[in-house]
Amino acid sequence: MVQRVRKAVLPVAGLGTRFLPATKAMAKEMLTVVDRPLIQYAVEECLAAGIEEFVFVTGRNKGAIEDHFDAAYELEDTLQRRGNKAAELKQSEAVTLKQGSAVFTRQQKPLGLGHAVWCARHWIGREPFAVLLPDELMVSTPTCTAQLVEAHEKSGGNIVAVMNVPREQTKSYGIVAVKPEKDGLAEVTGIVEKPRPEEAPSTLAWIGRSVVLPEVFDHLDRHEKGAGGEIQLTDAMGKMIGHKPFHALTYKGQRYDCGNRLGFLEANVAISLSRADTKAESRALIERLMKG
Ligand code: G1P
């Protein structure tokens, strides 16, 4: 029987150099899209997929992430006393994770995504887990992670969410080679980290969402370096091809690459135009600005 996916690893140790100076003293995962930080979108995506336990792999200067998911006693007590701040109080309390459901461990050296995930090994143990890169903001119903969890229930094994990208962009992603799709899932026959366009086996890019088997740690334990001299998660997952089921799922939904400034701006505009509470005002504002 396929083991249920209950845990998620959120690697959040990255320095966010593309957002300097904003990220000089602040975690890039705390950058705000409309009214909530990027990391909250990833956590909400997990909760909607039935994830119960979270391992945040953090680093120096990331303390705000931990505080964000904790109770905020002074703030909440003040809101309560004011009497007319019930909605604000609810907003603050709604973000608090259940007691004991999250752990924060530090990646002490920036050795790559595979190394960051490896840092979570003792908290994951021997069960399948979700991996989410919070720079990638996904908007869909069911959530991207829910789509992966559902696929995992059917096929077991590793599942990566993929999307087609222009060939000239393959060097920014993990790229999969696949067999023809069956029932929305395609068997993965190869995965390469950041191939040059002329060498890429396809244009199907891993978009930072996966369900991964715990056997990945057996490969990550070896600390083998790959593309960019870093320990790559995609390389370790690739080692399981032929030994464990491994599928790619074409993600159905919106994806905003908030790891770069334009994608981040797009996410802010698109989400404010789609939310019932901000739609009308945002549209009017954008129309006014466009008139110049
Ligand atoms: C990481 C992964 C890559 C994946 C990408 C998705 O790369 O290593 O396989 O396709 O995230 O965003 P990074 O963007 O951290 O260089």
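The values are calculated or read from the model by the stated rules, or taken from the named source; none is laboratory data. Please read all numbers here as calculations on a predicted model, not as lab measurements. Positions of Cβ are generated from backbone atoms using ideal geometry, with glycine treated the same way; all protein chains shown enter the neighbour counts. For the accessible areas, the whole protein counts, side chains as well, though only heavy atoms, and no ligand, DNA or RNA atoms are used. Shrake-Rupley method; radii C 1.70, N 1.55, O 1.52, S 1.80 Å.
Residue-by-condition table, conditions (1) more than 10 Å from the ligand (Cβ to nearest atom); (2) within 16 Å of L249 (Cα to Cα); (3) open to solvent by less than 10 Å² (accessible area, probe 1.4 Å):
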site: E153; (1), (2), (3): yes, yes, no
site: R167; (1), (2), (3): yes, no, no
site: V192; (1), (2), (3): no, no, no
site: V211; (1), (2), (3): yes, yes, yes
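Name, by its number, the condition in (1) out of contact with any Lys or Arg (no Cβ under 7 Å at 6 or more places or on another chain); (2) in contact (Cβ under 8 Å) with a residue 60 or more places away in the chain; (3) crowded, with 18+ Cβ neighbours inside 10 Å that does not hold for G238.
Result: G238 passes all but (2).
Table: residues versus (1) charged (D, E, K, R); (2) in contact with a Lys or Arg (Cβ under 8 Å, 6 or more places away or on another chain).
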residue: P180; (1), (2): no, no
residue: A186; (1), (2): no, yes
residue: T189; (1), (2): no, yes
residue: S210; (1), (2): no, no
residue: D218; (1), (2): yes, no
residue: P245; (1), (2): no, no
residue: R261; (1), (2): yes, yes
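What's the number of the condition T145 fails, among (1) surrounded by 22 or more Cβ atoms within 10 Å (Cβ to Cβ); (2) out of contact with any helix residue (DSSP H, G or I) (no Cβ under 8 Å at 6 or more places or on another chain)?
That leaves (2) as the condition not met.
Of all the residues that make up the stretch 255-288, how many are outside any helix (DSSP H, G or I) and in contact with a strand residue (DSSP E or B) (Cβ under 9 Å, 6 or more places away or on another chain)?
Number satisfying all stated conditions: 5.
Criterion first (assigned to a loop (DSSP other than H, G, I, E, B) and away from the ligand (no atom under 11 Å from the Cβ)) does P134 satisfy it?
So P134 fails the test.
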